[in-house]
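Contents: one structure, followed by commentary.
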Amino acid sequence: MVDSRLSIVRQVLILPVIVIAMGYFVDIYDLILFGVVRVASLQELGLSGDAVTSWGSIILNMQMGGMLIGGILWGILGDKRGRLSVLFASIILYSLANLLNAFVTNVEQYALLRFIAGIGLAGELGAGVTLVAEILPKNLRGYGIMTIASFGVLGVVAADLVAEHFAWRNAYIFGAVLGFLLLVLRFRVSESGMFKHHVSDDVKRGDFFALFTHKRLFIKYIKAIAIGVPLWYVVGVLVMFSPEFAKALAITGEVTAGKALMYCYIGLAFGDLGSGYLSQIMKSRKKAFSLFMAFSLASVLYYYTLQGASAEQFYIVVFALGVFCGYWALFITMAAEQFGTNIRATVATTVPNFVRGAVVPITSSFIILKGSVGVLYAGAIVGAVSFTLAIIALVLTHDTFHKDLDYIEV
């Protein structure tokens with residue numbers, strides 16, 4: 001048994017998996033950094049009171065909007081030119097944007113650079129997952145993507161620690177330096193053999209619009225996006241705006257968004273390991289996904305019962321939210337496994353970024369509703385819609401555990 005497990009570890013922890021996991025670590029660090037330094041950076045730029053919340057929402061939406069655009073661009077490039085081309089180009093773009101973020105003098109510059117960073121950040125995960133899914137055997141690809149996701153989400157821990165001990169501008173510089181250092185390792189990673197095998201096929205590659213004009217592909221695509229929306233409702237609303245929720249719940253003690261994000265993402269790391277491993281043991285992506293989503297909904301409901309709790313209790317529940325939202329690895333894996341290699345990178349890159357981009361309507365709806373019904377009811381309404389759509393989509397989604405990925409969509 002021990003020898004068997006060691007064999008699996010050796011087969012999974014190959015150089016591409018390690019390098020892509022490190023890349024996702026940097027990706028998450030840069031993605032979440034604004035949430036960690038939101039209050040401190042905006043206050044230094046001259047904002048206070050409700051302006052910090054409103055501009056925080058605007059800048060976050062700009063970043064996520066950039067990821068929507070970037071997801072499409074990088075996905076098409078990944079299917080046309082190869083997975084590695086995206087892994088190189090995207091990290092250069094978001095590292096440059098983060099470096100410039102350290103020198104902003106007003107919120108307009110801040111918003112523009114987070115938009116550009118969002119475009120760059122959009123390419124890392126989808127291209128990496130596609131590459132790993134295509135180079136590992138089908139009975140091991142879940143372990144590979146589980147490793148990437150669980151290690152990658154620890155980037156938020158690094159973001160919180162760096163922001164806690166250094167000025168927010170230096171935190172952006174640190175992220176840029178990490179990105180440029182990672183480029184050196186990327187030169188040792190080879191392209192997917194499955195991509196190279198089909199590159200000469202007489203078939204249209206990276207056809208993003210086919211996902212909307214072809215009924216079968218469209219239905220699969222929309223379902224793939226919908227099942228991941230609750231995760232970013234939890235992160236983008238319940239955790240990102242945790243100081244506002246803590247105030248509405250009369251939490252005793254100080255609650256900061258940075259610390260809440262750190263506990264949530266530590267939970268996500270454990271959840272990604274657990275959900276990915278469970279899907280391998282159960283030999284079913286869908287069963288493991290369903291179990292985690294059920295516990296995720298239960299933990300969200302419990303979050304709203306924390307009236308008068310201590311900050312420590314609040315953080316424990318936030319950690320639980322992260323654990324049971326730790327189906328990100330499963331979500332990405334299922335998306336990649338549902339489509340042929342001629343459009344797989346497009347799907348694997350756009351789906352998680354459309355889910356991340358769902359933060360725009362989610363947070364906008366929350367902000368609009370907050371003014372009329374308050375923080376708690378606004379969050380509950382948005383959450384109810386997010387989970388309802390996801391549950392319907394999951395019920396209608398086919399399992400992909402045993403699916404052979406060496407095929408093209410025609």
Task: Within the chain, helix-based [θ] at 222 nm, where runs of 4 or more DSSP H residues each add -39,500 (n - 2.57), nearest 500 - done: -25500 deg cm²/dmol
Open item on the list: Beyond 21 Å, how much of the Cα-Cα pair distribution for segment 150-305 remains, as a whole percent?
Closed with: 66
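Under the Kirkwood approximation applied to all pairs of distinct alpha-carbon atoms, what is the hydrodynamic radius of segment 304-410 in Å?
16.6
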TODO: Kindly write out, for segment 122-127 in residue order, the coupling ³J(HN,Hα) from the Karplus curve 6.51 cos²θ - 1.76 cosθ + 1.60 (θ = phi - 60°), rounded to whole Hz, with x marking Gly and Pro.
DONE: 5, x, 4, 5, x, 5
- [ ] Please pull out the direction-averaged projected area of segment 220-285, using the convex hull of its alpha-carbon atoms, in nm² to one decimal place.
- [x] 5.9
Open item on the list: Per residue, how large is the accessible surface of segment 361-410? Use a 1.4 angstrom probe and give square angstrom.
Closed with: 54
Open item on the list: Give me, ordered by chain and number, the residues 5 or more places off Tyr407 or on other chains with an amide H under 5 Å from its own placed amide H.
Closed with: Thr341
- [ ] Provide the gained length on full extension for the span His165 to Phe270, in nm with one decimal, where the gain is 0.36 nm per separating residue minus the Cα-Cα distance.
- [x] 35.3 nm
- [ ] Over segment 232-309, give the accessible area per residue in Å² for a 1.4 Å probe, as an integer.
- [x] 37
Task: Ordering of 360-369, 329-338, 108-117, 266-275 by packing [mean C-beta count within 10 Å, highest first] - done: 329-338, 266-275, 108-117, 360-369
Task: Principal axis dimensions, the chain - Cα atoms, whole angstrom, descending - done: 58, 49, 42
TODO: Please turn the phi angles of segment 297-304 into ³J(HN,Hα) values with the Karplus equation 6.51 cos²θ - 1.76 cosθ + 1.60 (θ = phi - 60°), one per residue in order, whole Hz, x for glycine and proline.
DONE: 4, 5, 5, 5, 4, 5, 3, 6
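I need the shape label for segment 16-80. Rule: rounded when a/c is under 1.5, else prolate if a/b > b/c, else oblate, with a, b, c from the alpha carbon gyration tensor. Don't skip to the answer; put the middle values down first.
Numbers: a/c = 4.88, a/b = 1.87, b/c = 2.61.
Judged from the Cα gyration tensor, segment 16-80 comes out oblate (a/c at least 1.5, b/c at or above a/b).
If r is the Cβ-Cβ distance from Ala40 to His214 and R0 is 51 Å, what FRET efficiency results, to the nearest 0.05?
For Ala40 and His214, the calculated efficiency is 0.60.
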- [ ] With θ set to phi - 60°, apply the Karplus curve 6.51 cos²θ - 1.76 cosθ + 1.60 along segment 220-234 and write out the HN-Hα couplings as whole Hz, x wherever there is a Gly or Pro.
- [x] 4, 5, 5, 5, 4, 6, 4, 5, x, 4, x, 4, 7, 5, 4
Task: the chain - percent of accessible surface contributed by carbon and sulfur, probe 1.4 Å - done: 70
Task: Farthest toward positive dipole pole in the chain [+1 Lys/Arg, -1 Asp/Glu at C-beta], among Met64, Tyr377, Val9 - done: Val9
- [ ] Quick one: which residues, 5+ away or cross-chain, put their amide H under 5 Å from the amide H of Ser310? H built at 1.01 Å from N.
- [x] Thr252
- [ ] Give me the angle, in degrees from 0 to 90, between the Cα long axis of helix 257-282 and the longest principal axis of the Cα atoms of the chain, rounded to the nearest 10.
- [x] 30
Task: Candidate lysines - alpha carbon under 25 Å from Lys286, same-chain residues fewer than 8 apart omitted - done: Lys138, Lys215, Lys220, Lys223, Lys403
Task: Loop chymotrypsin sites (Phe, Trp or Tyr not before Pro), segment 189-240 (other Cβ atoms within 10 Å of the site Cβ: 15 or fewer; DSSP) - done: Phe209
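The values are calculated or read from the model by the stated rules, or taken from the named source; none is laboratory data. Predicted model only: the values in this text are computed from it and were never measured. Backbone-built Cβ (ideal geometry, glycine too); neighbour counts: all protein chains shown. Heavy atoms of the whole protein, side chains included, go into the accessibility calculation; ligands, DNA and RNA do not. Shrake-Rupley method; radii C 1.70, N 1.55, O 1.52, S 1.80 Å.
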